[in-house]
Amino acid sequence: MNIEDFDFELPEELIAQTPLKERTSSRLLVLDQETKEVEHKHFRDIKQYFKKGDCLVLNDTRVLPARLYGVKKDTGAKIEVLLLTQEEKDTWEVLTKPAKKVKVGTELVFGDGKLRATCTGYKEHGGRILEFSYSGIFYEVLDELGEMPLPPYIKEQLPEKERYQTVFAREEGSAAAPTAGLHFTNELLEEIKSMGVTIAFITLHVGLGTFRPVSADTIDNHKMHAEFYQMTKDTADTLTKIKEAGGRIISVGTTSTRTLETIARDNNGAFAESSGWTDIFIYPPYQFRAVDGLITNFHLPKSTLIMLVSALADRKTILRAYNEAVNERYRFFSFGDAMLIL
């Protein structure tokens, strides 16, 4: 299948630059997998599509304020650092800008010395390995000095850091938010639970590779970035019971979907306590083993994310729904509106 098969016309002004004041006020496009019919709602209406015995699976990863601005200790030259992956306690894989100024042995200083780092190695694709030193707790220092690494297509500043976190975020480690979860409030989740719908959590730390464009001409030649995931025994047991009882598993976001499908793939369709790195690439045709429904935002043309969604509802149906969303002036991507596929 060709990358161009997932292209559509997206006016730049439809890429949302800021979040709405009220999380649940986003618009919601509801797509029926069987009839292919589309409804236009608001996110607060989503609970009317759930029923007792269903299970919502949420990604509880928490975004790190992973962008740091510092200087080289010897020259004072300005350096920007973006944390990618924690390799050991104080050792991180990072991107630096300008990269050529950061060599092995280079010492960096952030926040007048509150945080320091030394480059200890190189990674492929221009990455660096930094070993940090500091007083106190690293994440508290990072919260004071770091900025949220918003996606490259968002040009506006984010006044409130917490608006780029889900209300259920708790496991530190993401370079980006699982944005389908941004629409939920604690109040809406409680209303959904009161209907007899189970809420379950998994963790997948979103990497910046989620924004990397597909460079290959054909899907088969594209390699996905790897991301760390984890499922607890409690969640695995919960999902097993839901499936055995005939309930639907509704994944909140592509990150939750990739985690669930990875675990089901590796356990012959079952759920089990597990953790590791996944580079699963879901695109048509794909037989889903874990997920029955999906809540997701609207994705960019020719992205791996629209390919995943197209695997669930079929490419032509998704592109038709996307074209309708464009005509109806829906807001796209991280701070945009939502789609429910059931």
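The values are calculated or read from the model by the stated rules, or taken from the named source; none is laboratory data. Note that the structure is a prediction, hence the values are computed from the model and not measured. Glycine also receives a Cβ, built like all others from the backbone with ideal geometry; neighbour counts cover every protein chain displayed. Note: areas computed on protein heavy atoms with side chains; ligands, DNA, RNA excluded. Shrake-Rupley method; radii C 1.70, N 1.55, O 1.52, S 1.80 Å.
If only residues of the stretch 68-102 that are assigned to a helix (DSSP H, G or I) and touching a strand residue (DSSP E or B) at 6+ places or on another chain (Cβ under 8 Å) are counted, the one that is surrounded by the fewest Cβ atoms within 10 Å (Cβ to Cβ) is K101. Of all the residues in the stretch 44-67, those that are part of a helix (DSSP H, G or I) and among the aromatic types (F, W, Y) number 1.
Per-residue answers, yes or no, for (1) open to solvent by 10 Å² or more (accessible area, probe 1.4 Å); (2) out of contact with any Pro (no Cβ under 9 Å at 6 or more places or on another chain):
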position: L239; (1), (2): no, yes
position: V252; (1), (2): no, no
position: D292; (1), (2): yes, yes
position: I306; (1), (2): no, yes
position: R320; (1), (2): yes, yes
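Where residues in the stretch 103-121 are open to solvent by 30 Å² or more (accessible area, probe 1.4 Å) and assigned to a strand (DSSP E or B), which of them is farthest from G146 (Cα to Cα)? Among them, the one singled out is T120. Among the residues examined, T262 does not qualify as touching a strand residue (DSSP E or B) at 6+ places or on another chain (Cβ under 9 Å), in a strand (DSSP E or B), β-branched (V, I, T) and in the same structural domain as A236 (by the TED database).
Here's a check for you: in the stretch 254-282, which residue that is open to solvent by 30 Å² or more (accessible area, probe 1.4 Å) and in contact with a His (Cβ under 9 Å, 6 or more places away or on another chain) is farthest from L342 (Cα to Cα)? Checked the stretch 254-282; the qualifying residue farthest from L342 (Cα to Cα) is D279.
Taken over the stretch 134-173, the residue count meeting the criterion of being in a loop (DSSP other than H, G, I, E, B), at pLDDT 95 or above and aromatic (F, W, Y) is 1.
State yes or no: is T35 more than 21 Å from the chain's Cα centre (by Cα), over 29 Å from L260 (Cα atoms) and open to solvent by 20 Å² or more (accessible area, probe 1.4 Å)? The answer is no for T35.
Close Cβ contacts (under 6 Å, 6 or more residues apart or on different chains) running from residues in the stretch 179-204 that are within 16 Å of V63 (Cα to Cα) to residues that are surrounded by fewer than 14 Cβ atoms within 10 Å (Cβ to Cβ) are absent. Of all the criteria given as (1) touching a Lys or Arg at 6+ places or on another chain (Cβ under 6 Å); (2) closer than 21 Å to F333 by Cα; (3) modelled with pLDDT under 95; (4) of a type in the set (A, V, I, L, M), the one not satisfied by L82 is (2). Condition check for A270 on (1) among the hydrophobic types (A, V, I, L, M, F, W, C); (2) modelled with pLDDT of 95 or more; (3) in contact with a strand residue (DSSP E or B) (Cβ under 7 Å, 6 or more places away or on another chain); (4) more than 22 Å from Q33 (Cβ to Cβ): one failure, at (3). Which members of the stretch 174-205 meet the condition of being in a helix (DSSP H, G or I) and surrounded by fewer than 19 Cβ atoms within 10 Å (Cβ to Cβ)? Once the filter is applied, which keeps residues that are in a helix (DSSP H, G or I) and surrounded by fewer than 19 Cβ atoms within 10 Å (Cβ to Cβ), the stretch 174-205 yields N186, E187, L188, L189, E190, E191, I192, K193, S194.
If you go through the stretch 180-210 and keep only what is modelled with pLDDT under 95 and under 21 Å from E22 (Cβ atoms), you end up with nothing. List pairs: first residue in the stretch 215-227 and touching a residue at least 40 places away in the same chain (Cβ under 8 Å), second residue open to solvent by 100 Å² or more (accessible area, probe 1.4 Å) anywhere in the structure, Cβ distance under 8 angstrom, at least six positions apart or on different chains. As it stands, the answer is H222/S215; H225/R212; A226/W277; E227/W277, since those pairs meet every condition given.
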